[in-house]
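Only the coordinates and a few stated rules stand behind these numbers; no lab work does. A quick note: this is a predicted structure, and the numbers were derived from the prediction, not measured. Every residue, glycine as well, gets a Cβ built from its backbone with ideal geometry; the counts of neighbours run over all protein chains shown.
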Amino acid sequence: MPGTAGLDLLIHAWVAFSKGRLLGLSAQGDWWWLDAQGEVSTARMPASLPPAHQFSTGRVLQDGSLALAGNMGQVWLVDAALGTAQAIRVDEGYLSALAASRAGGVLISANRAIYHLAWPSVWSVLGIEHGAEGTLASLLPDADGPLLASSAGVFRFVTSAEQGIRAQQTAWIDDDALALLKLDADRYLVAASREILLVEHDVSHLALAGDIYPRWFAHSRFVKGRVLVGTEHGLRLLDTASSPWRISAAFPQADGHRVNSVVELDAQRVLVGMERHGAALLRFTPQGEPAQTTPIQLDNQSAHGPRNEAFVIALSDGRVLISRRSGLYRFDPDSGTAVPEALLGLDRQRRPDELLRLIESSGGTLYAFSRSRVLRHDNQDHWRDEPVSHLRRGAIETAVALPDDGLALLSTNSILLRRAEASESNLASAPGVLLRQVRRSLDADHFLPLPLRDTQVQEFAQGNFALNFQIALPDLSSASAPSYRVRLLGHDTEFMPPSSARNYTYTRLGAGDYQFEVEATDSQGRTSVLTPWHFTITPPWYARPWAIVLESLAALVALGLLIRWLVRRRTRRLSRERQRLQDEVALRTQELAEANRRLEMIANADGLTGIPNRRRLDDYLAAVWQQGIERGRALSVLIIDVDHFKHYNDSKGHPAGDALLQALARLLTSGLRRSEDLLARYGGEEFLVVMPGAEREVAANTAEQLRRLVAESDLDVTISIGVARCTPHPDCRLADLIQAADAALYAAKRGGRNRVEISADHEGQ
């Protein structure tokens, strides 16, 4: 090739650009241009882009940007000018291929899945590749660039033509930073692990000490100079207008009352949401001192614990909402009560036991998010799933409304930013439902494929055969399965109820005209319709007009004999068919029973540790509780928590934390000696042991054995255990027993951890 003699390189991949240009990826890590005349030149790529040898394939997208994939589990997107680059985490390990999607964006082939990346995306990702280090805690929009609080300090995001968006570490703090607040042009508050820092002109000072444990800040809407401080032990009011600054006592004043959200009703009333204690209405004196706490009763959940987490928000239309795992509620500040709230149909979108948090942008756009997904209320007055599963890294911890009406989502180690100007036109078009296969059965084991698109209506003679239809909706933007409504017109008058099934079989259809129809709904609520597949079944020969005439003539000669012969022949045929169908039904019944057994095992097992999950735990607790009432038999429970698990995750990484929980589950299981005892995952790093018939001494000895077993193992962690026992009876509640064990656990934590605390016997009132 002319001009290529100097290209003494191993080019392992080529990417075709316009005007006949090729971009070569070399094994040495360099990038090279090869033009249409065969001339070679060095390609200048963004400085943040990894070397070429880390990529195996690339493709130029419709907007001119370049997509690259390789062995890092990331897709790198370079703008059309080849000036800036950003990485999007897709999977772990090797990405083998890229392809353009007909629905827009990129299809990415990984080891065990195919991913769809909508591009241009309404979302962008900021993470460690942009300089953000540590475990991310909060984001503060600022005119000089957003500020990020993390376990590695405080970072400011800046934009340059050379490097794009980068996070630059400030000198404010060199340890955990948990929250930020801007007081004025040059002053900021920083929430450290135990105290509050004041930053003035980029120089930090200790403002307040004394084990405050601040976790977030908010300006008061009613009192100038007042800052609301959410802490591990309640809400506190900080008066920055006084000299020196004055901070109130924690309110409510109790361990474990971590406040996660707040709504100021007026200068002396605040509604708070707490991590383990639901929602409460707090009243203050005119001087800002605690006066009264009133818990908000919403449902029958336990008085405290992980399942009692609540979030509160005030919307721009005046509504005050409380979100729980049990649903959404509207709070009436005048009466102090709350009632269920549909919130524009969000109650129908909420998954069972899903805790949704709400946030409203400056432009009035309403978002709902959980730890795994985001929903947005659109102009058509319904909620749409935002496709973020392929972008986020870890669980969604919090969200921040940006001043330009955008949205920021924070996970443990990355930030997702949604463009303010994003609209429905930015999103990929709805995928169309496909007819994947139509087959006619020849016998029980053999099927004949039929044309999917044929101008001729398919015609079949009536008989003993089946027609099988397979459909699909290529919706790769979400992990949730699409739903289908199916109807065989001529056989059905109405569509079947929505289902995720993609395989439909029809047998013993009578003579007539038919058409197979499908309506599919994707994860975004968009509907597509299948072009109907038409076919006709002709009657058997003996039902056709000429056969009727022939039979009439024959009947004049030997009617009785013919009828007798036909009846016998038909009877034998029906008998064989009935036996075959009975055998087939028996086989399918057996297969269904086995499938149900496998599904039940999966549904009752924790996906990470393999031990019983919360669903299995609740069923077992209910059964042994009723048994205890009927027989007067004791019941003991142990709640186990891993000491300093957050520090373990932060220092060693979440994969190591997951491996620890798996090993701990195996170790605890081996430590149980009674066949009736059940170990289940209670939530996060918490486990619960159910001990039917176990008296207080037996439960205490078992707890101590488990604690010692972990302490003497090589797992490099310890556990704290709370023990509670009661004899169930009609006036006693299971929730009270669990609460007593949880309180004992907290006592063990306060007592120094790596210990067992035993609650007094709880027999109810």
Please name which of Ala634, Leu452, His654 has its Cα lying farthest along the dipole of the chain towards the positive end, using unit charges on Cβ (Lys, Arg +1; Asp, Glu -1) and the Cα centre as origin.
Leu452
Can you work out D for region 695-765 in µm² s⁻¹ from Stokes-Einstein, where Rh is the Kirkwood radius over C-alpha pairs, the temperature is 37 °C and the viscosity is 0.692 mPa s?
259 µm²/s
If you put +1 on each Lys and Arg Cβ and -1 on each Asp and Glu Cβ, how big is the dipole of the chain around its Cα centre, in Debye rounded to 20?
2800 debye
Tilt relative to the chain, helix 545-603 - C-alpha long axis, 0 to 90 degrees, to 10:
20 degrees
Starting at the first residue of region 221-236, write each ³J(HN,Hα) from the Karplus equation 6.51 cos²θ - 1.76 cosθ + 1.60 with θ = phi - 60°, in whole Hz, x for Gly and Pro.
8, 10, 10, 5, x, 8, 10, 7, 10, x, 10, 5, 10, x, 9, 10
Could you work out, for region 634-765, what percent of all Cα-Cα pairs fall into each 10 Å distance bin, beginning at 0 Å and stopping at the bin that holds the largest distance?
13, 45, 31, 9, 1
Could you derive backbone 3J(HN,Hα) for region 318-324 from the dihedral phi with the Karplus parameters 6.51, -1.76 and 1.60 (θ = phi - 60°), listing whole Hz in sequence and x where the residue is Gly or Pro?
x, 6, 10, 10, 10, 10, 10
Find which of Leu488, Ala700, Phe251 sits farthest along the positive direction of the dipole of the chain, computed with +1 on the beta-carbon of Lys and Arg, -1 on that of Asp and Glu, about the Cα centre.
Leu488
Gyration tensor (alpha-carbon) shape descriptor, the chain, a/c threshold 1.5:
oblate
May I ask you to evaluate 6.51 cos²θ - 1.76 cosθ + 1.60, the Karplus curve with θ = phi - 60°, for each residue of region 327-341 and list the ³J(HN,Hα) values in order in whole Hz, giving x for glycine and proline?
x, 9, 9, 9, 9, 9, x, 6, 8, x, 10, 9, 10, x, 10
Residues whose modelled amide H sits under 5 Å from the amide H of Thr398, counting only those 5 or more places away in sequence or on another chain, are Leu410
From the C-alpha coordinates alone, can you work out the Kirkwood hydrodynamic radius of region 213-290, in Å?
12.2 Å
Degrees separating the helix 654-670 axis from the principal Cα axis of the chain, which is the longest one:
80 degrees
May I ask for the distance between the Cα centers of region 647-689 and region 120-175, given as a whole number of Å?
34 Å
Amide H to amide H under 5 Å from Leu235: which residues, 5+ apart in sequence or cross-chain, H placed 1.01 Å off N in plane?
Phe251
Quick one: compute the contact order of the chain, relative version, from alpha carbon pairs under 8 angstrom and 6+ residues apart, as a percent.
6 percent
For Lys224, list the lysines whose Cα falls under 19 Å from its own Cα; do not include residues on the same chain fewer than 8 positions away.
Lys182
Do any GluC sites (Glu not before Pro) in region 74-180 lie in a DSSP loop with no more than 10 other beta carbon atoms within 10 Å, and if so, which?
Glu162
Nearest 10 degrees is fine. How inclined is helix 614-631 to the longest principal axis of the chain, computing both from alpha carbons?
80 degrees
GluC sites (Glu not before Pro) within region 602-686: DSSP coil, no more than 12 neighbouring Cβ in 10 Å:
Glu676
Whole-Å distance, taken between Cα centres, linking region 617-637 and region 179-251
48 Å
List the trypsin sites (Lys or Arg not before Pro) within region 79-168 that fall in a DSSP loop (any state other than H, G, I, E or B) and whose Cβ has at most 11 other Cβ atoms within 10 Å.
Arg112
